[in-house]
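K.L.:
Before we start, here is the structure in question, set down as structure tokens.
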Amino acid sequence: AYLGYSQEKKAEDAIEKLKSISKNHAVVMRDNKKQQIDAEDVTVGDILVVEEGDCCAADIRLIEEYDLKVDESELSGESLPIKKYTEHSNIVFMDTYITTGRGVGVVVATGMDTEIGKIATLIQEDEGSKTPLEIKIANLSKTLGLLSIIICVVIVAVELLHNTPLNDTFMIAVS
């Protein structure tokens, strides 16, 4: 039961984290000047400027980079920052952190249209299905429940054969 609860809690926390669009700020180029705006106000086509320490507010395709490395561990599980280039490996994903360098990119997706948003959608759609662990725990629970009932019936039968009072027999079987 604890393992099931723990796994369910982690899944719910992950969904909530994926659902929430952080209230971070983003630096965009609008009207040929840098402007700081709420991350949720970033739109497709904006030019987003990211620097060391920033959390990327959207999925961007890099057009400039200066020794840019990104921590994608929340998205991919990679333990080391990934070097990004403008020619290849040129997408910086939403909710990843810039560990070194800086970059400029065109916003290609925001919110639930980002890669992290797609994962959130898949998790929400898959909420009803059970994991292999949940199926095994449910089967084990059914088996243990059935075994407990059989043992109780056997104890009641044995105690009644020994002429034990019904009240005592019930208490013995339940315990």
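K.L.:
Restricting to lysines 8 or more places apart or on different chains, can you count the pairs in the chain with Cα atoms under 16 Å from each other?
P.N.:
Taking the chain as the scope, the lysine pair count is 10.
K.L.:
To the nearest 0.05, what FRET efficiency results for Ile172 and Ser129 with a Förster distance of 35 Å applied to their C-beta separation?
P.N.:
Once the sixth-power term is evaluated, E becomes 0.25.
K.L.:
While we're looking at this one, here's another question. For the chain, take N as its residue count and report Rg(C-alpha) divided by 2.2 N^0.38 Å.
P.N.:
Output field value: 1.77.
K.L.:
Which semi-axis lengths, in whole Å and largest first, follow from the square roots of five times the eigenvalues of the Cα gyration tensor of the stretch 87-175?
P.N.:
Result for the stretch 87-175: semi-axes of 64, 12, 10 Å.
K.L.:
What do you get for trypsin sites (Lys or Arg not before Pro) in the stretch 12-106 restricted to DSSP loop and a cutoff of at most 16 other Cβ within 10 Å of the site's Cβ?
P.N.:
Within the stretch 12-106, the qualifying trypsin sites (Lys or Arg not before Pro) (loop, at most 16 other Cβ atoms within 10 Å) are Lys23.
K.L.:
Another question, then. For the chain, what does -39500 (n - 2.57) per DSSP helix run (n ≥ 4), summed and divided by total residues, give at 222 nm, in deg cm²/dmol to the nearest 500?
P.N.:
Roughly -13500 deg cm²/dmol at 222 nm, from the helical runs in the chain.
K.L.:
Related question: Mind jotting down the three principal axis lengths of the stretch 72-115 based on Cα atoms? Whole angstrom, largest first.
P.N.:
Result, largest extent first: 26, 23, 16 Å.
K.L.:
What's the longest bit of the chain with no exposed GluC sites (Glu not before Pro), using DSSP loop states and at most 16 other Cβ atoms within 10 Å as the test? Can you show the working numbers first?
P.N.:
Working: sites that count: Glu52, Glu78, Glu87, Glu127.
Excluding the exposed sites themselves, the longest stretch runs over 1-51.
K.L.:
To continue, here is another question. Tell me, what is the FRET efficiency for Thr43 and Glu12 to the nearest 0.05, using R0 = 30 angstrom and their Cβ-Cβ distance as r?
P.N.:
My answer for the efficiency is 0.50.
K.L.:
Pop a pseudo-label 7 angstrom from the Cα along the beta-carbon direction at both Arg61 and Val158 and give the gap in nm to one decimal.
P.N.:
Each label point lies 7 Å from its Cα, and together they span 7.5 nm.
K.L.:
Counting alpha carbon pairs within less than 8 Å and at least 6 residues apart, what relative contact order, in whole percent, applies to the chain?
P.N.:
20
K.L.:
Accessible area per residue, 1.4 Å probe, Å², for the chain: what's the number?
P.N.:
Result: 65 Å² of accessible area for each residue.
K.L.:
With a cut-off of at most 14 other beta carbons within 10 Å, and DSSP calling the residue loop, which chymotrypsin sites (Phe, Trp or Tyr not before Pro) in the stretch 65-166 qualify? Please list them. All intermediate terms of the calculation are to be shown ahead of the outcome.
P.N.:
On the way: sites: Tyr66, Tyr85, Phe93, Tyr97; in loops: Tyr85, Phe93.
Passing sites in the stretch 65-166 are Tyr85.
K.L.:
Additional query: Of all the accessible heavy-atom surface of the stretch 40-143, with the other protein chains kept in place and a 1.4 Å probe, what percent is carbon and sulfur?
P.N.:
Roughly 53 percent of what the probe reaches on the stretch 40-143 is carbon or sulfur.
K.L.:
Tell me, rounded to the nearest percent, the portion of alpha carbon pairs in the stretch 1-105 spaced more than 25 Å apart. Mind dumping the intermediate values first?
P.N.:
Values: 1422 of 5460 pairs.
In whole percent, the long-distance tail amounts to 26.
The values are calculated or read from the model by the stated rules, or taken from the named source; none is laboratory data. In this text, all values refer to a predicted model and were calculated from it rather than measured experimentally. Positions of Cβ are generated from backbone atoms using ideal geometry, with glycine treated the same way; all protein chains shown enter the neighbour counts. Surface areas here come from the heavy atoms of the whole protein model, side chains and all, with no ligands, DNA or RNA. Shrake-Rupley method; radii C 1.70, N 1.55, O 1.52, S 1.80 Å.
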